[in-house]
Protein chains: 2
Amino acid sequence: MHEVPDRLPMDWIAASLKRERARAGLSLSELAKRAGIAKSTLSQLEAASGNPNVETLWALAVALGVPFSVLVEPPVQSVQVIRAGEGPGVGSEQASFVGTLLSASPPGARRDIYRICAEPGSARAAEPHIPGTVEHLVVGTGRVKAGPAGEEAELGPGDYMTYRGDVAHSYEALMPGTAFVLVMQHV
Amino acid sequence: MHEVPDRLPMDWIAASLKRERARAGLSLSELAKRAGIAKSTLSQLEAASGNPNVETLWALAVALGVPFSVLVEPPVQSVQVIRAGEGPGVGSEQASFVGTLLSASPPGARRDIYRICAEPGSARAAEPHIPGTVEHLVVGTGRVKAGPAGEEAELGPGDYMTYRGDVAHSYEALMPGTAFVLVMQHV
DNA sequence: AACATGCGTTCGCCACAACGAACAACCCCG
DNA sequence: CGGGGTTGTTCGTTGTGGCGAACGCATGTT
């Protein structure tokens with residue numbers, strides 16, 4: 001009983017290849033040459049007939065100048081706005097912290113975007129997230145002391161910081177009206 | 001003078017497979033069974049000896065419950081801070097616009113994080129990025145009018161907006177001292 | 001018209017990725 | 001001491017993905 005093969009990934013790859021190649025303004029032959037693969041191979045790939053190996057896909061991604069994952073992920077939607085104060089609030093914690101989930105991580109995508117408003121007084125300790133998680137933090141207003149335990153840094157408006165989120169870490173507002181953007185990336 | 005083969009992706013995949021399998025608490029045999037592949041194949045993959053095709057990798061990603069791209073992305077570092085004003089200033093310091101690339105997208109990663117400071121007066125028109133690109137915008141201070149051509153929205157402090165970045169779009173500061181975070185996501 | 005240069009497709013060949021069985025090493029229970 | 005259950009490894013075989021030549025089809029040049 002062989003299962004009906006899941007051809008979805010192949011279709012995505014085929015579509016992505018055609019899309020990216022068109023965008024780069026390259027002919028099939030030219031792209032094949034640059035990627036160092038046979039154009040026949042590329043032709044079959046764009047026809048979604050085949051099952052490329054990593055080396056081939058990698059060469060194509062490099063030649064196209066796009067990240068690898070672009071070739072194997074599904075498409076996306078259009079426009080959406082969340083006003084300040086709207087959106088699902090996460091700030092059930094202390095009264096001094098209000099986090100708003102701006103962009104959740106749909107299955108397949110892997111990053112959450114939060115806007116966090118905090119008042120001084122209490123540091124918020126965060127449990128380690130799943131391994132591979134990386135957090136990016138950009139301060140909007142006020143001052144923040146944040147980072148992995150023992151490696152905290154103090155940040156002012158405009159400062160950016162990134163650190164591993166799979167270890168214990170914390171955020172602490174040092175000024176009233178502190179607000180920052182937190183991108184949590186589940187690599 | 002043929003290429004020394006770029007084994008980097010294979011090493012990443014091998015490491016990712018071992019990591020994710022350990023995280024899932026599965027034995028090699030068990031994972032192979034769940035993924036519907038021969039355990040010998042998986043054994044060789046984890047030894048980075050080989051060049052797997054998409055179908056195989058896909059099955060493994062599904063069995064591991066992780067997005068495909070997890071398996072082909074490089075590891076990550078620990079802590080990094082970029083102070084306001086530091087960092088690679090992205091081009092057009094055309095008086096009214098200063099963009100700072102906070103987190104670049106190395107091959108394999110798939111999102112850039114910018115902090116942009118803008119002054120009113122001139123709208124900045126952005127060329128369409130590669131298809132599939134999605135932009136997320138969070139206003140820190142001031143007011144911004146931004147979005148795809150014809151669908152611009154006006155945003156104030158704390159407002160969040162997301163839209164497709166693969167069509168023509170623009171940003172325009174409406175107040176002095178306007179600053180916002182731009183997450184450009186190449187899904 | 002004849003020829004050249006680009007395109008994307010199709011075909012036969014061959015290396016190799018995936019398979020499955022057999023393997024050694026280990027553990028737990030009778 | 002088996003015997004039955006793991007674990008991950010290493011083999012020989014086979015299916016197939018990638019290769020390169022040849023093809024048909026458009027342009028452009030002489």
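Taking first residues from segment A:17-29 that are part of a helix (DSSP H, G or I) and charged (D, E, K, R) and partners that are buried (at least 16 other Cβ atoms within 10 Å of the Cβ) and at pLDDT below 80, the Cβ contacts under 6 Å between residues at least 6 apart in sequence or on separate chains come to A:Arg19/B:Pro131; A:Glu20/A:Val66; A:Arg23/B:Ile130. Taken across segment B:35-53, residues that are within 8 Å of DNA strand D (Cβ to nearest atom) and touching a strand residue (DSSP E or B) at 6+ places or on another chain (Cβ under 8 Å) do occur, with at least one present.
Scanning segment A:45-64 for residues that are within 11 Å of DNA strand C (Cβ to nearest atom), assigned to a helix (DSSP H, G or I) and away from every other protein chain (no Cβ under 11 Å) gives a single hit, A:Glu46.
Flag not set for B:Pro67, criterion: within 16 Å of DNA strand C (Cβ to nearest atom), in the same structural domain as B:Ala22 (by TED's automatic domain parsing) and modelled with pLDDT of 70 or more.
The values are calculated or read from the model by the stated rules, or taken from the named source; none is laboratory data. As the structure is a prediction and not an experimental result, all values here were calculated from the model. We place every Cβ from the backbone using ideal geometry, glycine too, and count neighbours over all the protein chains shown.
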